[in-house]
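Trainee: Below you will find the structure I want to go over with you.
Throughout, read-outs are computed from the coordinates displayed, never taken from laboratory work. Just so it is clear, the model here is predicted, and its values are computed rather than measured. Glycine also receives a Cβ, built like all others from the backbone with ideal geometry; neighbour counts cover every protein chain displayed.
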Amino acid sequence: MAQQNSLERALQVLNTPLNRDIHGGETVLFEWNHVQVGAGAGPGDLIILPALPANARIHIPFCDITFPTLTSATADLGWLAYTGSDGVLVAADPNGLVENLSVAAAGNARWMAGTVIVRSKLFTGTGVTLTVQINDATIADAAVYSGSMLCVIG
């Protein structure tokens, strides 16, 4: 398994807040773009997305991904290990949010088309770094992936 950072992970960019939710949290549209440098190592390659701040809630129905052609491939959405608000390490889970989203033909899809583990998840503690795992295929050199996610922070 190999992993590469998305451009936004390297720059740690979050867009301007859109508005506040009923609990005072900021609604943020989190966009990312990744261009693969060199071919991946094989199935299980990770794309590391920008880290979300502590107390971020991700809403899966409002998340999507654009991908190139990958023969018989699926993608998972998960996270790297992080420290919870109680100080305990929360294990990495590469498919903790969504698994088995078909990315076999080039296009765009909502993560809801995969097997959704949770529709909404609150990450507390030090913040969390989300990941996209490509299964059953190797990410080709110069392959472009992008996506957007709706989060509430605070």
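Trainee: What residue among ALA143, SER72, SER85 has its Cα farthest toward the positive end of the dipole of segment 33-154, where the charges are +1 on Lys, Arg and -1 on Asp, Glu, each on the Cβ?
Mentor: In segment 33-154, that residue is SER85.
Trainee: Once you have the Cα-Cα distance between ALA92 and MET112, take 0.36 nm times their residue separation minus that, and quote the gain in nm to one decimal.
Mentor: Working: separation 20, 0.36 × 20 = 7.20 nm, distance 2.11 nm.
Additional length available on full extension: 5.1 nm.
Trainee: Would you grab the residues whose amide H sits under 5 Å from the one on ALA143? Only those 5+ places off in sequence or on another chain, please, with H modelled 1.01 Å from N.
Mentor: Distant-sequence amide H within range of ALA143: GLN36.
Trainee: Can you list the residues, at least 5 places off or on another chain, whose amide H is less than 5 Å from the amide H of VAL128, using H built in the peptide plane?
Mentor: So VAL128 has HN proximity to LEU52.
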